[in-house]
Structure formats: C-alpha cells, structure tokens
1. Of the numbered conditions (1) free of Cβ contacts under 8 Å to residues at least 24 places away in the same chain; (2) of a type in the set (A, V, I, L, M, F, W, C); (3) surrounded by 10 or more Cβ atoms within 10 Å (Cβ to Cβ), Leu38 fails exactly one; give the number of that condition.
2. If you go through region 36-54 one residue at a time, how many are assigned to a loop (DSSP other than H, G, I, E, B) and either in contact with a Lys or Arg (Cβ under 8 Å, 6 or more places away or on another chain) or among the aromatic types (Phe, Trp, Tyr) (or both)?
3. Scan region 6-35 for residues that are surrounded by 10 or more Cβ atoms within 10 Å (Cβ to Cβ) and assigned to a loop (DSSP other than H, G, I, E, B) and jot them down.
Amino acid sequence: MDIQNTQSAFNHQLFLFSLGSHHGSKVIWVKFDYDKNLIQHLRSYSKVLWSASQ
C-alpha cells in the first residue's frame, strides 16, 4: 500500500481499530495488512506494543 502521498497527519483509514482485552488488560487492537510502510506510519504516531501471542 502506498502511503507516500498521504497527508502529514495520521491516516486512520489505513487501519481497523477495535477495543478488547489481552491477558486481563484493556487494549486497542489495530488490524492491517502486513506492510512495512504501514508499520512505520503507525509507529511514527503512536507507542505500539506488539503481541507475539495474537
């Protein structure tokens, strides 16, 4: 997915967000197709923690 031409603001339309829980903690799940550009975009606007079990 090409995000080079997007605005300088976070583009939430590239991701699907849902509320949930993980090991008893409240979390916000972020779903998206694996793409290094999307990962970089997400990391540049948030503190992302990855789960190896999900």
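What follows draws every value from the coordinates through simple rules; no lab data is involved. What you see is a predicted model; the values in this text were computed from it and never measured. Positions of Cβ are backbone-derived with ideal geometry, glycine not excepted, and every protein chain shown enters the neighbour counts.
1. Exception for Leu38: condition (1).
2. Looking only at that region, the number is 1.
3. Within region 6-35, Thr6, Phe10, Asn11, Phe15, Phe32, Asp35 qualify.
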